[in-house]
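A.B. asks: One structure, as structure tokens, below. Some questions next.
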Amino acid sequence: MTTLGANDPFATDIVAAVRKVTDAVPKRPRAGLFSLISASPIERAFAPIIGLYLGYTVVRLPEVFQPLAVPHLPMVLMLVFIGILGMAIPTDGWRLFWHQSKPLRIVTALLVVAIVTAPLGIWPSESFLFLGDHYFTAVLIFVSCLVFLRDRRSLRLAATIYVLCAATVSVKVLHDYDPNAVVYNEDGDPVSPEALAARPELRRLQSVGISLDPNDFGAVLCTTFPLALWLSVGSFARRVFWTGIAVLFVVAVVPTQSRGSELGFVAGAIVVVSLGARGWRRWLNAALILSCVALFVMMATGIGAGERFADFGSDDYNVSGSEGRLFFWKQGFIWMLKRPWGYGISNFSTYFGILNGQERAAHSTWVQYGMELGVAGLVLFVTLCVLLVKGLRRLRAHATLLRTQHPAAKDEEVLTGHMLAVLAGVLVTGTFLSNAYYPLMYMSLGMAAAVLIGSPLAGTVPAAPPAAASVGHPRARRRLRTFPGPAPAG
């Protein structure tokens, strides 16, 4: 039996060339039936549970609504999620996550640094207690967001439930807050109207939950604001409903009088307008942001907090006083240089109290990592943030090139722009707040990592643009003339 082309020397070359081209085409890694792009039905079923869990831990629903507070529920939920992660993701899937996600490896390194430096700190028992009660939960939130929210449908469903949880707390805050309530001093006597006019911070919202103070709540709002705007992209009904939720967040941040949250909103709004959309949608976002700014100014002025929100001068206590953030930051970086291996996680306030008599927080994520986890912890966290921001920017640029070639490119471009706004909000507020290990921080980082690893555009190469037409008239080709008779002798 003769095979067509079996003895043809060109056949082997053709087969080799085809194999070479096939191997050169980038493919999305898969392990068996496990995919980084789409989630299985079992994984997708956990998306609403993730959204509720984020509402429970990030927005802290049990602290705001006491009937939801169940003893030891955080620990039980953490164990349940560890079991879910173990059962829903096969071993090959975990291997794939580990090799494809640099953020996962960096967060694991941060956890190792926190564990290793805990016994080397000034109060090891406090560090180990914080690890068990808080930091393990934050890392679990990062891993859960990375694994279960890489699928775009799962991400939208979980974000929907989480944003609704934040909106519910916002409604309660606005309902309970009374700007005209009587304010009492330490002796229980009413504060005079003149004193209130001179110190508008006395009318500030005092607390939202047991551990959720106004600054933390403001950080939650400005970080959730871009997610609400992302959910509004699509139909007209979506635009109306989720835009209203975004406006609600702007209104709810006014009673907090948090200037760090104000800066976080500004940073997120700038990124949303510049990277979240294009064309008429960009102008629509800009008009929405300007309307929110006008509403914010009107409400802040109405409760007498306009001057506080606008006060960033050198006479502010954060700049000139020994009880302000600048003093805390200087102390933290000096301590980091003196002890580069760190003082142990959650020990900044302890050491500050030892030296100054009163415990105070670091009021900065960067200072926390540098002072508590040492130079290694700070370098790892900065690397993680830079990696995520650069990765999202590259993915957005790639999606822009594929807008006319890939059906998912437009959605990816919008998603990456809004996720960059989420990172802008959480990192700007984190510069002024001690939320280094909070679930809010690790939720934002986990969602950003999920967007990168689950992109449907991975391995898609933009088609080459068509060759440009020649300008001007084409050059006439010279015709060869033939003559009768024999050719001339050489």
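A.B. asks: Against the definition (of a type outside the set (Ser, Thr, Tyr), modelled with pLDDT under 80 and under 18 Å from residue 450 (Cα atoms)), how does residue 34 come out, yes or no? Before the answer, list the steps.
C.D. replies: On the way: of a type outside the set (Ser, Thr, Tyr): yes; modelled with pLDDT under 80: yes; under 18 Å from residue 450 (Cα atoms): yes.
Criteria met by residue 34.
A.B. asks: Scan 90, 48 and give me the residue that is over 23 Å from the mean Cα position of the chain (by Cα) and surrounded by fewer than 20 Cβ atoms within 10 Å (Cβ to Cβ). Walk me through it before giving the result.
C.D. replies: Numbers: 48 fails: over 23 Å from the mean Cα position of the chain (by Cα).
Of the residues listed, the single one that is over 23 Å from the mean Cα position of the chain (by Cα) and surrounded by fewer than 20 Cβ atoms within 10 Å (Cβ to Cβ) is 90.
The rows are residues; the columns are (1) surrounded by fewer than 19 Cβ atoms within 10 Å (Cβ to Cβ); (2) within 16 Å of the chain's Cα centre (by Cα).
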site: 372; (1), (2): no, no
site: 401; (1), (2): yes, no
site: 409; (1), (2): no, no
site: 417; (1), (2): no, yes
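A.B. asks: Let me ask something else about it. Among 113, 64, which is the only one that is in contact (Cβ under 8 Å) with a residue 12 or more places away in the chain, open to solvent by less than 70 Å² (accessible area, probe 1.4 Å) and touching a Lys or Arg at 6+ places or on another chain (Cβ under 7 Å)?
C.D. replies: Details: 113 fails: touching a Lys or Arg at 6+ places or on another chain (Cβ under 7 Å).
Only one candidate passes the filter, namely 64.
A.B. asks: Could you tell me whether the stretch 345-363 includes any residue that is closer than 17 Å to residue 109 by Cβ, in contact with an Asp or Glu (Cβ under 9 Å, 6 or more places away or on another chain) and modelled with pLDDT of 90 or more?
C.D. replies: So in the stretch 345-363, the residues closer than 17 Å to residue 109 by Cβ come out as 345.
This time we only want the ones that are in contact with an Asp or Glu (Cβ under 9 Å, 6 or more places away or on another chain), so: 345.
Subsequent filtering for residues that are modelled with pLDDT of 90 or more retains 345.
Yes: the stretch 345-363 contains one or more residues that are closer than 17 Å to residue 109 by Cβ, in contact with an Asp or Glu (Cβ under 9 Å, 6 or more places away or on another chain) and modelled with pLDDT of 90 or more.
A.B. asks: Here is a further query. Determine, yes or no, whether residue 150 is modelled with pLDDT of 90 or more, outside any helix (DSSP H, G or I) and not aliphatic (A, V, I, L, M). Walk me through it before giving the result.
C.D. replies: On the way: modelled with pLDDT of 90 or more: yes; outside any helix (DSSP H, G or I): yes; not aliphatic (A, V, I, L, M): yes.
So residue 150 fits the description; yes.
A.B. asks: Sticking with this structure for a sec: Name the pairs whose Cβ atoms lie under 8 Å apart, with the first residue in the stretch 381-408 and closer than 18 Å to residue 142 by Cβ, the second in a helix (DSSP H, G or I) and of a type in the set (S, T, N, Q), and 6 or more positions between them or separate chains?
C.D. replies: Listed pairs, sorted by first residue: 381/365; 392/416.
A.B. asks: Would a scan of the stretch 169-177 turn up a residue that is modelled with pLDDT of 90 or more, open to solvent by 30 Å² or more (accessible area, probe 1.4 Å), of a type in the set (Ser, Thr, Tyr) and in a helix (DSSP H, G or I)?
C.D. replies: No; the residues of the stretch 169-177 include none that is modelled with pLDDT of 90 or more, open to solvent by 30 Å² or more (accessible area, probe 1.4 Å), of a type in the set (Ser, Thr, Tyr) and in a helix (DSSP H, G or I).
A.B. asks: Additional query: Looking only at the stretch 215-238, filter to residues that are open to solvent by 10 Å² or more (accessible area, probe 1.4 Å) and either touching a residue at least 12 places away in the same chain (Cβ under 8 Å) or not in a helix (DSSP H, G or I) (or both); which one of those is farthest from residue 421 (Cα to Cα)?
C.D. replies: The initial filter retains those residues of the stretch 215-238 that are open to solvent by 10 Å² or more (accessible area, probe 1.4 Å), namely 215-216, 230, 233-238.
Subset that is either touching a residue at least 12 places away in the same chain (Cβ under 8 Å) or not in a helix (DSSP H, G or I) (or both): 215-216, 230, 233-235.
Numbers: 215: 19, 216: 18, 230: 10, 233: 15, 234: 19, 235: 22 Å.
Ranking the candidates gives 235 first.
A.B. asks: From (1) in contact with a Lys or Arg (Cβ under 9 Å, 6 or more places away or on another chain); (2) at pLDDT 95 or above, pick out the condition that doesn't hold for residue 161.
C.D. replies: Of everything listed in (1) in contact with a Lys or Arg (Cβ under 9 Å, 6 or more places away or on another chain); (2) at pLDDT 95 or above, residue 161 misses just condition (1).
A.B. asks: So, in the stretch 336-370, of the ones that are assigned to a helix (DSSP H, G or I) and of a type in the set (A, V, I, L, M), which residue ends up surrounded by the fewest Cβ atoms within 10 Å (Cβ to Cβ)? Full working, then the answer.
C.D. replies: Going through the stretch 336-370, the residues assigned to a helix (DSSP H, G or I) turn out to be 336-338, 348-356, 365-370.
Okay, now just the ones that are also of a type in the set (A, V, I, L, M), so 336-337, 354-355, 367.
Working: 336: 22, 337: 11, 354: 12, 355: 9, 367: 25.
My answer is 355.
A.B. asks: Output the residue which, of all residues in the stretch 70-84 that are in a helix (DSSP H, G or I) and not β-branched (Val, Ile, Thr), is farthest from residue 137 (Cα to Cα). Let's see the steps before the verdict.
C.D. replies: So in the stretch 70-84, the residues in a helix (DSSP H, G or I) come out as 73-84.
Then drop every residue that is not not β-branched (Val, Ile, Thr), which leaves 73-75, 77-79, 81, 83.
Numbers: 73: 12, 74: 8, 75: 8, 77: 9, 78: 7, 79: 10, 81: 10, 83: 14 Å.
Among those that are in a helix (DSSP H, G or I) and not β-branched (Val, Ile, Thr), it is 83.
The values are calculated or read from the model by the stated rules, or taken from the named source; none is laboratory data. Quick caveat, the model's predicted, so the values are computed rather than measured. Counting neighbours? That spans all protein chains shown, and the Cβs are built from the backbone with ideal geometry, glycine included. These accessible areas exclude ligands, DNA and RNA; they are computed on the full protein's heavy atoms, side chains included. Shrake-Rupley method; radii C 1.70, N 1.55, O 1.52, S 1.80 Å.
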